[in-house]
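A short write-up of the structure that comes next.
The values are calculated or read from the model by the stated rules, or taken from the named source; none is laboratory data. Please read all numbers here as calculations on a predicted model, not as lab measurements. With ideal geometry, Cβ positions are generated from the backbone for all residues, glycine too; neighbour counts draw on all protein chains shown.
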Amino acid sequence: MGDYIKSTPLIAGIGALRLKVLRECDRLFREKDFPLDMDQLSVLRLLHGSPNLSQKEIGTRLLRDKASVNRTISVFSEKGIVKVVTDKQDKRVTRIELTMEGKNLAKQTGGVLAKYEKYLASLLSEDEYETFNLLVNKLLN
């Protein structure tokens, strides 16, 4: 494992940071008896900010495969979080709509995530925080 980290420190560091954030957010949500995990949360938050997307659009925006999105939507549907609706213009396409329960869950997530982000930001100086954001955006583009 040590050779991997030495040979690819950027990739290893990003991967480790991602896992740490996901695990900590999962823990925070479990403490609040939240019924979803972080992988599902990204779909919920996307639908809250961009309603009525197709499953294909969800997968494209979140860089997730079709099967993963289908599983999440099935779980959401079973829990009454979403409603799957046939597109009016193209009957081959289904649109995913949040139910009132789904909208309420999405709103609940904002406070928890904002609080955790504020904590993470507090570990950095203002300059470090700005640099971090610049670097993340540079790597993502």
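Here T109 meets each of (1) modelled with pLDDT of 95 or more; (2) in a helix (DSSP H, G or I) with one exception, condition (1). If you check I58, I96 for being touching a strand residue (DSSP E or B) at 6+ places or on another chain (Cβ under 8 Å), at pLDDT 95 or above and within 30 Å of I11 (Cβ to Cβ), only one passes: I58. For residues that are surrounded by 15 or more Cβ atoms within 10 Å (Cβ to Cβ) and among the basic types (K, R), scanning just the range 72-96, find the one that is farthest from M38 (Cα to Cα). Residue satisfying both the conditions and the ranking: R95. The residue that is farthest from the chain's Cα centre (by Cα), counting only those in the range 97-116 that are surrounded by fewer than 15 Cβ atoms within 10 Å (Cβ to Cβ) and basic (K, R), is K115. Return the residue satisfying two criteria in turn: it lies in the range 9-44 and is part of a loop (DSSP other than H, G, I, E, B) and of a type outside the set (D, E, K, R), and of such residues it is nearest to I73 (Cα to Cα). Selected residue: L36.
The residue pairs whose first member lies in the range 85-98 and is touching a residue at least 40 places away in the same chain (Cβ under 8 Å), whose second member is part of a strand (DSSP E or B) and exposed (fewer than 12 other Cβ atoms within 10 Å of the Cβ), and whose beta carbons are closer than 7 Å, counting only pairs six or more residues apart or on different chains, are T94/T86.
Consider the range 38-64 and keep the residues that are among the aliphatic types (A, V, I, L, M) and either more than 15 Å from I81 (Cα to Cα) or touching a His at 6+ places or on another chain (Cβ under 9 Å) (or both). The one that is surrounded by the fewest Cβ atoms within 10 Å (Cβ to Cβ) is L63.
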